[in-house]
Amino acid sequence: MYTDLDRPALRERVLQRALAPDGWRVEVLAEATSTNALVAARADEPAGLVIVAEHQSSGRGRLDRSWVSPPRAGLTFSVLLAMPDDSGWLPLLTGLAVATAVTEICQLTAELKWPNDVLVDGRKICGVLASSPSPAVAVVGIGLNVTTRADELPDERAGSLTLAGSSTTDRDTLLRAVLRCLRTVLDDPAAAKEQYRKRCTSVGRQVRIELPDGAVVTGVAERVDDGGRLVVDGIAYTAGDVVHLR
Ligand code: BTN
């Protein structure tokens, strides 16, 4: 069993003070349905709103799945942003921000599986869910497994920072690092796209893509195109679940 000492609460006031200079307005809630839904409901506010939930009762994942994480075992938060010109890249660059933060802070090598899963040792430790409540506004939601135990994960393809041997599991530090890296990628998307292409380990591999309509395609992932789509055997895909075959 975990104890409260293993999973301390986030320090809202400290986070607010530390992140305000970068333009982030952080709110920490003990309980929420889904932070993506809460941020989307406040889409008329200025960009920079960050809602973090210590626990979500109806966390949403990509492709209509759910995202489940025990209280304070991970970071579950959503960010309100102005929609960038290259909106297709936003979830990918959010994944890059998490992978960069994890690599820097945790002494782990994080890789990116297209479009925006962050893997360590081949296991998914983080997922990103982007939505657009109105054409000018984007919400990016991030779920990062921090101290999650194996029996708390949905399946054997998922992992957590603790299980991967992270040098830190301090969620304040991790949240600050992710938001700092997110600011960096948003400030220079051209450099970030180049970085993403270097770090995305789906490219060059034999992959299986499970498409949103249920179809399954197998082939070689050739590149990520200018719209952030994955090109497999000459065809560009906008969404799907990728499995690395070898
Ligand atoms: C995925 O399926 O890989 C994406 C998971 C995204 C989960 C995060 S947790 C915070 C935010 N709120 C949600 O309901 N979902 C996202």
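In a Debye calculation with equal point scatterers on the alpha-carbon sites of the range 47-168 and no solvent, what is log10 I(q)/I(0) at q = 0.22 Å⁻¹?
-1.35
Given the options 29, 112, 90, state which has the largest fluctuation in a GNM of the chain using a 10 Å cut-off (strictly under) for Cα springs.
Evaluated over the chain, the most mobile residue of the options is 29.
For the range 1-52, what % of the accessible area comes from carbon and sulfur atoms, probe 1.4 Å?
Roughly 57 percent, rounded to a whole number.
Ignoring ligands, DNA and RNA, please state the percent of accessible area on the range 115-240 from carbon and sulfur, probe 1.4 Å.
Working: 2810 of 5680 Å².
Carbon with sulfur: 49 percent of the solvent-accessible area.
Between residue 65 and residue 239, how high is the FRET efficiency from 1/(1 + (r/R0)^6) when r is the Cβ-Cβ distance and R₀ = 22 Å? Nearest 0.05.
Numbers: r = 13 Å, r/R0 = 0.58.
Given R0 = 22 Å and the Cβ-Cβ separation, E is 0.95.
Using the Kirkwood formula over every pair of different C-alpha atoms, what hydrodynamic radius in Å results for the chain? Before the final figure, lay out the partial values.
Details: mean 1/r = 0.0554 Å⁻¹.
About 18.0 Å, per the Kirkwood formula over Cα pairs.
What per residue convex hull volume, in Å³, do the alpha-carbon atoms of the range 1-86 yield?
Working: hull volume 10.3 nm³, N = 86.
Value for the range 1-86: 119 Å³ per residue.
So how tilted is helix 189-199 from the main axis of the chain? Cα-based, degrees 0 to 90, rounded to 10.
With both axes taken from Cα atoms, the answer is about 70 degrees.
Check residue 158: other-chain or 5+ apart residues with amide H under 5 Å from its amide H, H built from backbone geometry?
124
With each pseudo-label sitting 7 Å past Cα toward Cβ, what's the residue 57-residue 152 distance in nm, one decimal?
It works out to 2.0 nm between the two label points.
Please list, ordered by chain and number, the residues whose modelled amide H lies under 5 Å from the amide H of residue 137; skip anything fewer than 5 residues away on the same chain.
83
Looking at the range 202-246 from every direction and averaging, what is the projected area of its Cα convex hull in nm²?
2.7
Under 20 Å between alpha carbons, and skipping anything fewer than 8 positions from residue 124 in its own chain: which lysines qualify?
Excluding near neighbours in sequence, the set is 113, 198.
Give the angle, between 0 and 90 degrees and rounded to the nearest 10, that separates the Cα long axis of helix 90-106 from the longest principal axis of the Cα atoms of the chain.
60
Angle, helix 171-187 long axis vs. longest principal axis of the chain, Cα atoms, 0 to 90°, nearest 10?
Taking the Cα atoms of the chain, the angle to 171-187 is about 50 degrees.
Using a 10 Å Cβ count of at most 16 others and DSSP loop calls, identify the longest part of the chain lacking such GluC sites (Glu not before Pro).
Between exposed loop sites, the widest span is 32-155.
Would you be so kind as to identify which of 66, 46, 78 lies farthest towards the positive end of the dipole of the range 36-88, taking Lys and Arg as +1 and Asp and Glu as -1 on Cβ and the Cα centre as origin?
Of the listed residues, the answer is 66.
Taking 2.2 N^0.38 Å as the expected size of a compact globular protein, what ratio does the Cα radius of gyration of the range 108-180 give against it, to two decimals?
Normalised Cα radius of gyration, the range 108-180: 1.19.
Mind checking the dipole of the chain: about its Cα centre, +1 per Lys or Arg Cβ, -1 per Asp or Glu Cβ, Debye to the nearest 20?
The dipole of the chain has a size of about 320 debye.
Over every pair of different alpha-carbon atoms in the range 137-246, take the mean of 1/r and invert it; report that Kirkwood radius in Å.
By the Kirkwood definition, the hydrodynamic radius is 16.4 Å.
Provide the per residue accessible area, probe 1.4 Å, for the range 72-205, rounded to a whole number of square angstrom.
Working: 5110 Å² over 134 residues.
With the other protein chains kept in place, the range 72-205 gives 38 Å² per residue.
The values are calculated or read from the model by the stated rules, or taken from the named source; none is laboratory data. The shown structure was predicted, so the numbers you read here are calculated from the model rather than taken from an experiment. Backbone-built Cβ (ideal geometry, glycine too); neighbour counts: all protein chains shown. Ligands, DNA and RNA are stripped out before the accessible areas are found, and what is left, the full protein with its side chains, is counted by its heavy atoms. Shrake-Rupley method; radii C 1.70, N 1.55, O 1.52, S 1.80 Å.
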